[in-house]
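Undergrad: The structure's right below; bear with me while I get my questions together.
The values are calculated or read from the model by the stated rules, or taken from the named source; none is laboratory data. Owing to the predicted nature of the structure, the values given are computational and were not obtained by experimental measurement. As a convention, Cβ positions derive from the backbone with ideal geometry for all residues, glycine included, and neighbour counts pool all protein chains shown. To get the accessible areas, we keep the full protein, side chains included, count just its heavy atoms, and leave off ligands, DNA and RNA. Shrake-Rupley method; radii C 1.70, N 1.55, O 1.52, S 1.80 Å.
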Amino acid sequence: MQLFNDFPSLLLATFFDILPIAVIIFGFQFLVIRKRVKNLKKVLMGMFYVLIGITFFLLGLEEALFPIGRSMASQLTNPEFLQTVRISIGELQWQDYYWVYIFAFAVGAGTTIAEPALIAVAMKANEVSGGAIGVFGLRAAVALGVAVGLALGTYRIVIGAPMHYFIISGYVIVVIQTFFSPRLIVPLAYDSGGVTTSTVTVPLVAALGLGLAETVPGRSPLIDGFGLIAFASLCPMISVMAYAQLSEFKDARASKKRLKTDEYYSKKNKLNGSDDDTSD
Amino acid sequence: MKRSLQLFLSSLFGSLRDLLPIVLVIAFFQLFVLDQTPDNLLQIFIGLVFVVLGLTFFIFGLEQGLFPIGESMAHAFATKGSAFWLLIFAFALGFGTTVAEPALIAVADEASKVAAEAGLIEINDQAMNSYAKGLRYTVAFSVGVAITLGVLRILMNWPIHFMIMIGYVMVIVMTGFAPDEIIGIAYDSGGVTTSTITVPLVTALGIGLASSISGRNPMVDGFGLIAFASLLPIVFVLAYGMII
């Protein structure tokens with residue numbers, strides 16, 4: 001089987017891939033910190049597992065995730081399939097590819113909402129903001145951002161527009177939002193873009209984009225095939241800041257309202273002499 | 001022994017959970033939208049098992065070996081007070097973790113295949129390997145620079161959004177001069193770089209640093225390193241595209 005013939009050479013290549021990090025860690029440990037490594041055996045075993053893990057992962061990628069991404073793209077853009085689901089008449093229009101967008105949206109939302117790194121960050125943000133930023137709300141905001149980003153990215157590939165127009169407009173939105181967002185959320189929002197695209201999602205999404213560019217008539221993989229990941233990292237920044245602005249706005253309005261009702265009740269309480277609090 | 005078994009199982013569970021949403025979405029589309037079953041089901045199944053196994057060993061190994069030592073080093077450098085060594089370490093950490101990032105290895109290989117098919121480089125293993133390597137080392141170098149800059153920002157207390165905006169302006173200006181073929185890959189490389197290995201180690205460095213300098217808020221100063229690491233690769237890969 002081809003798979004097992006590739007294994008030794010891939011293992012060797014991976015060995016050289018992770019060599020730099022081993023050199024760095026041990027180099028700094030011996031030359032700068034000058035302490036003996038604690039649990040040296042465990043660290044070395046850990047590196048060996050990393051080596052094996054990456055090799056298996058790359059093999060599996062080649063066998064499963066890349067082919068799946070490509071075949072989903074070609075199946076969803078297959079002219080026969082499109083004929084059965086199309087909504088326009090005459091030549092194929094961009095809206096006839098709606099299943100592609102729905103698929104991209106579903107992949108983005110599904111892979112992001114359960115991402116452990118994101119859950120940890122959301123809990124931290126909730127703690128620091130004193131509860132103003134909800135854990136689930138932030139997760140939903142990021143997931144929605146990734147989903148919309150991927151859907152928009154596939155739309156961009158279908159119509160073949162230059163991607164920098166989209167990305168640059170995204171940047172402009174981010175810059176404007178930065179000035180109006182709560183200061184605490186800004187670095188978190190900037191980070192959320194990079195954090196959310198996990199090791200499994202990236203190859204699948206890359207393959208989906210390349211597959212689309214190969215099968216949609218008139219697109220070239222080199223020029224149109226890349227860019228989905230960029231969309232998936234840009235849109236969460238926008239959605240996270242939008243969510244923070246929204247919750248701040250709601251918070252401000254609620255406290256204003258509370259102030260008013262408090263006033264009302266304190267007046268009323270003065271008249272009645274009771275102190276039951278029903279303002280919430 | 002029992003603890004490492006537990007750790008292994010939890011990383012197995014973690015990688016299954018990573019893969020599950022993808023499998024569910026794809027299965028749903030195959031059965032209900034496309035109304036087909038893929039013919040190479042066995043190959044895909046074996047491949048997915050490899051992906052799960054690979055991820056499991058990878059995460060397990062990271063948690064056993066790399067993360068504890070990396071985090072304790074990040075903490076040691078953050079609290080030691082030698083700015084020079086801290087910056088050198090920041091660069092090395094960004095570079096080293098990115099070179100080994102599996103998603104980047106995979107996408108760089110794919111990019112070299114596409115470039116070869118499009119006639120941008122020769123179709124042979126050597127040219128493709130050197131293209132993929134060049135791409136990966138460019139990205140890794142830029143992440144190294146990004147983390148160094150980010151650490152410098154925390155030390156000097158520069159506002160993050162001005163630096164990000166300068167980065168955006170650089171990206172926009174360079175897009176105007178870069179060849180069309182590199183733009184997509186360059187923009188993607190920003191998101192690809194920051195995954196499994198880079199994020200935990202870099203976040204540990206940032207938060208450790210922000211909590212050891214008095215008067216800093218880890219929430220504002222600790223985060224933001226990843227943002228640089230997702231932005232600078234775009235600039236550097238655009239430059240790489242202009243040079244080759």
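Undergrad: Excluding ligands, DNA and RNA, what is the solvent-accessible area per residue of region A:1-52 at a probe of 1.4 Å, expressed in Å²? Spell out each step's value before the answer.
TA: Values: 3470 Å² over 52 residues.
On a per-residue basis, 67 Å².
Undergrad: With a length cut of 24 Å (Cα positions projected on each helix's long axis) and a Kyte-Doolittle mean of at least 0.5, go through chain A and give me the DSSP H helices that pass. Intermediate values should be presented prior to the final figure.
TA: Details: long enough: A:2-28 (40 Å, 1.57); A:40-60 (30 Å, 1.79); A:135-159 (36 Å, 1.78); A:163-180 (26 Å, 1.65); A:228-272 (64 Å, -0.36).
Correct list, ordered by number: A:2-28, A:40-60, A:135-159, A:163-180.
Undergrad: Just counting partner chain Cβ atoms within 10 Å, what average do the residues of peptide A:69-75 show around their Cβ?
TA: Per residue, the number of nearby Cβ atoms from other chains is 3 on average.
Undergrad: I want to check the label-to-label distance for A:Ser169 and B:Asn217. Put each point 7 Å from Cα in the C-beta direction and report it in nm to one decimal.
TA: For the pair A:Ser169/B:Asn217, the computed spacing is 3.3 nm.
Undergrad: Turning to a different aspect of this structure: Under DSSP H, which helices of chain B have Cα atoms covering 20 Å or more of the helix axis and a Kyte-Doolittle average no less than 0.0? Each step should come with its number before you reach the end.
TA: Values: long enough: B:2-28 (38 Å, 1.22); B:41-61 (30 Å, 2.56); B:83-99 (24 Å, 1.98); B:102-117 (23 Å, 0.67); B:125-156 (46 Å, 0.77); B:160-177 (26 Å, 2.10); B:180-193 (21 Å, 0.36); B:198-212 (21 Å, 1.50); B:225-243 (27 Å, 2.42).
Qualifying helices, which must be both long enough and hydrophobic enough, are B:2-28, B:41-61, B:83-99, B:102-117, B:125-156, B:160-177, B:180-193, B:198-212, B:225-243.
Undergrad: How high is the FRET efficiency between B:Ile243 and A:Lys38 when r is their beta carbon distance and R₀ equals 45 Å, given to the nearest 0.05?
TA: That gives a FRET efficiency of 0.55.
Undergrad: With all protein chains present and a 1.4 Å probe, how do B:Trp85, A:Trp99 order by accessible area, largest first?
TA: Numbers: B:Trp85 100, A:Trp99 60 Å².
Ranked from most to least accessible, the order is B:Trp85, A:Trp99.
Undergrad: Give the Debye-formula value of log10 I(q)/I(0) at each listed q (0.16, 0.24 Å⁻¹), with one equal scatterer per alpha carbon of region B:49-120, two decimals each.
TA: Each listed q maps to, in turn, -0.76, -1.07.
Undergrad: Provide the per residue accessible area, probe 1.4 Å, for region B:31-106, rounded to a whole number of square angstrom.
TA: On the way: 3030 Å² over 76 residues.
Heavy-atom SASA per residue in region B:31-106 reads 40 Å².
Undergrad: Next question. Between A:Ile89 and A:Leu11, what length in nm is gained on full extension when 0.36 nm per residue of separation is reduced by their alpha carbon distance? List each step's numbers first, then the result.
TA: Details: separation 78, 0.36 × 78 = 28.08 nm, distance 5.26 nm.
Residue separation times 0.36 nm, minus the Cα-Cα distance, leaves 22.8 nm.
Undergrad: Distance cut-off 22 Å, Cα to Cα: go down the list B:Lys113/B:Lys133; A:Lys41/B:Lys2; A:Lys35/B:Lys133; A:Lys38/B:Lys2; A:Lys42/B:Lys2; A:Lys38/B:Lys80 and report the pairs above it. Show your work: numbers first, answer last.
TA: Details: B:Lys113/B:Lys133 13 Å; A:Lys41/B:Lys2 17 Å; A:Lys35/B:Lys133 34 Å; A:Lys38/B:Lys2 20 Å; A:Lys42/B:Lys2 14 Å; A:Lys38/B:Lys80 19 Å.
Those over the limit are A:Lys35/B:Lys133.
Undergrad: Based on the inverse mean of 1/r over its pairs of different Cα atoms, what is the Kirkwood hydrodynamic radius of region A:118-185, in Å?
TA: Numbers: mean 1/r = 0.0721 Å⁻¹.
Computed over region A:118-185, the radius equals 13.9 Å.
Undergrad: Give me the net charge for the shell around B:Ser4: Cβ to Cβ below 10 angstrom, other residues only, Lys and Arg +1, Asp and Glu -1.
TA: +2
Undergrad: Sort A:188-201, B:137-150, A:148-161 by the packing proxy (mean of other Cβ within 10 Å over each peptide's residues), most packed first. It would help to have the intermediate numbers written out before the result.
TA: Numbers: A:188-201: 27.7, B:137-150: 24.7, A:148-161: 22.8.
Ranking the peptides A:188-201, B:137-150, A:148-161 by packing returns A:188-201, B:137-150, A:148-161.
Undergrad: Full extension from A:Glu80 to A:Ser255: what is 0.36 nm times the residue separation minus their Cα-Cα distance, to one decimal in nm? Spell out each step's value before the answer.
TA: Details: separation 175, 0.36 × 175 = 63.00 nm, distance 5.71 nm.
The A:Glu80-A:Ser255 span can extend by a further 57.3 nm.
Undergrad: Considering chain A as a Gaussian network with a 10 Å cut-off on Cα pairs, which listed residue, A:Gln177, A:Gln95, A:Gln29, attains the greatest mean-square fluctuation?
TA: A:Gln29
Undergrad: So, with a 1.4 angstrom probe, what is the percent of accessible area on the protein assembly as shown that is carbon and sulfur?
TA: 66 percent
Undergrad: Let me ask you something else. B:Leu135: net charge of surrounding residues, Cβ under 14 Å, Lys/Arg +1, Asp/Glu -1, itself excluded? Show your work: numbers first, answer last.
TA: Values: positive: B:Lys113, B:Lys133, B:Arg136; negative: A:Asp17, B:Glu101, B:Asp109, B:Glu110, B:Glu181, B:Asp188.
That works out to -3.
Undergrad: For the protein assembly as shown, what is the calculated [θ] at 222 nm in deg cm²/dmol (nearest 500), taking -39500 (n - 2.57) for each run of four or more DSSP H residues and dividing by its residue count? Working shown, then result.
TA: Values: 22 runs with 406 residues, N = 524.
So the calculated ellipticity at 222 nm is -26500 deg cm²/dmol.
Undergrad: For B:Ile123, what charge total do you get from the other residues with a beta carbon under 10 Å from its beta carbon, if Lys and Arg give +1 and Asp and Glu give -1? Write out the running numbers ahead of the final one.
TA: Numbers: positive: B:Lys113; negative: B:Glu117, B:Glu122, B:Asp125.
Neighbourhood net charge equals -2.
Undergrad: Peptide B:176-189: average number of partner chain Cβ atoms within 10 Å per residue? Intermediate results must be reported in sequence, preceding the final value.
TA: Values: counts 1, 0, 1, 1, 7, 4, 3, 8, 18, 7, 4, 12, 16, 3.
Counting other chains' Cβ atoms within 10 Å and averaging over B:176-189 gives 6.
Undergrad: Given a 10 angstrom Cα cut-off, can you work out which residue in A:Gly145, A:Gly225, A:Gly170 is the most mobile in a GNM of chain A?
TA: The residue that fluctuates most here is A:Gly170.
Undergrad: Where the only charges are on Cβ atoms (+1 Lys, Arg; -1 Asp, Glu), what is the dipole of region A:169-267 about its Cα centre, to the nearest 20 debye?
TA: Working: 9 positive and 7 negative charges, 132 e Å.
For this selection, approximately 640 debye.
Undergrad: Roughly how big is the B-A contact, given as buried accessible area in Å² (both sides, 1.4 Å probe, nearest 100)?
TA: Values: alone 14010 and 17400 Å², together 23210 Å².
Result for this pair: about 8200 Å² buried.
Undergrad: Right, another one. Which of B:Leu135, B:Leu62, B:Leu48 moves the most in a Gaussian network model of chain B with Cα springs under 10 Å?
TA: Checking each option, the largest mean-square fluctuation is seen for B:Leu48.
Undergrad: Partner chain Cβ atoms within 10 Å, averaged over the residues of A:93-105 - can you pull that number for me?
TA: Details: counts 0, 0, 0, 0, 0, 0, 3, 0, 0, 3, 6, 1, 1.
Mean shielding by partner chains, rounded to a whole number: 1.
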